[in-house]
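Take a look at the structure set out below.
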Amino acid sequence: MAIIEPLELEEKLLEVRKRNVRRKGVSTGFDSLDEHLLLSKQYLMVVTGIPSCGKSEVVDALAVNTAILHGWSWLYFSPENAPTEEHLKKIVEKRVGQNLFDMSSKTISDTTRWANEHFAWVDPHSDRFSLDAILEEAVQRIETGHNVDALVIDPWNEIDASDQAGMRDDQYISKCMTKLRRFHRKYNVLSCVVIHPTKLQKDATGNYPVPNLYDCNGGAMWRNKADFGLCVHRHDMSEAAANVYIQKIKFKSMGKPGMVKLDYDLPSGRFKDQAAPDFLLPSDWKI
């Protein structure tokens, strides 16, 4: 433990001014979302939304975009996307822009090789998988020479909480998020946690309200601990689009709250800005 005083930070403060970077982070691949959010390592992004509203699909889209634009590598713990080949199918379809069953064998092979450079999964086939076990797997991967730029836990509700040991939900979440913060700061990783809200009541029109982090189990602590807080919501389940609500931004240098609407293409699983003419990736890369 030590005391830090302003004069000790003066040189670093001048370096910040010299860099003249008013917003920190990398592009999400969506122009409209970039106005509100740039992805930054060493931070925690919490994503919520009711089932079937597209929260995992949006996270996957960010993963594919950042792999293309910035060479990022993503490590998933994603029991809800098991079996893992089904999750890989979603990644490959977003990369190619086609349904898997319309691709040639060569396209599948080439894209799988590309995915192998940017994606990996912590095997979810375990009766009890704690946060500690996931972080151990992530650390081992990093320390054996593999690149990990982002870690995704999807969903948090699948984490084994047998070590909660009488703690209240908010106390346990705080303890876990402290562990996660130590991890992503030490290893320069973006941590992304996808969490289901608790049961919501429909409004007078028969629709669900837009959930927020307070609607998750232990919600106040999620709101406190998140650096980025997002909600993915669909007001009209028949519409091929998702509203992304940016509900919390810790620092103004990281973005600003707001909402963007992304159109969705079911065959490819791709999203796009509403102003974009087609469901194109943020590059001209072709297989």
Total residues in segment 110-122, condition surrounded by 12 or more Cβ atoms within 10 Å (Cβ to Cβ) and either among the small types (G, A, S) or over 16 Å from V189 (Cβ atoms) (or both) | 6
When segment 150-198 is checked residue by residue, the ones that are among the hydroxyl-bearing types (S, T, Y) and either closer than 24 Å to V210 by Cα or free of Cβ contacts under 8 Å to residues at least 40 places away in the same chain (or both) are S162, T178, S191, T198
Spans of strands (runs of 3 or more DSSP E) in segment 169-266 with at least 2 residues open to solvent by 40 Å² or more (accessible area, probe 1.4 Å) = 241-249, 258-265
Does any residue of segment 127-135 turn out to be modelled with pLDDT under 95, surrounded by fewer than 20 Cβ atoms within 10 Å (Cβ to Cβ) and under 16 Å from the mean Cα position of the chain (by Cα)?
-> no
Among the residues of segment 83-98, which ones are assigned to a loop (DSSP other than H, G, I, E, B) and either open to solvent by 40 Å² or more (accessible area, probe 1.4 Å) or hydroxyl-bearing (S, T, Y) (or both)?
-> P83, Q98
Residues (surrounded by fewer than 19 Cβ atoms within 10 Å (Cβ to Cβ) and without any contact (Cβ under 8 Å) to a residue 60 or more places away in the chain) located in segment 28-52 = D34
Flag if S191 is within 23 Å of V59 (Cβ to Cβ), in contact with a helix residue (DSSP H, G or I) (Cβ under 7 Å, 6 or more places away or on another chain), of a type in the set (G, A, S) and at pLDDT 95 or above | yes
Considering only residues that are among the polar types (S, T, N, Q) and open to solvent by 30 Å² or more (accessible area, probe 1.4 Å), look in segment 267-287 and name the one that is modelled with the lowest pLDDT.
-> S283
Looking at segment 145-168, which of its residues are assigned to a helix (DSSP H, G or I) and open to solvent by 30 Å² or more (accessible area, probe 1.4 Å)?
-> N157, E158, S162, D163, Q164
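The values are calculated or read from the model by the stated rules, or taken from the named source; none is laboratory data. These numbers come from a predicted model, not from an experiment. Reconstructed Cβ throughout: ideal geometry from the backbone, glycine too, with neighbour counts over all protein chains shown. Just so you know, the surface numbers come from the protein's heavy atoms only, side chains and all, with ligands and any DNA or RNA stripped out. Shrake-Rupley method; radii C 1.70, N 1.55, O 1.52, S 1.80 Å.
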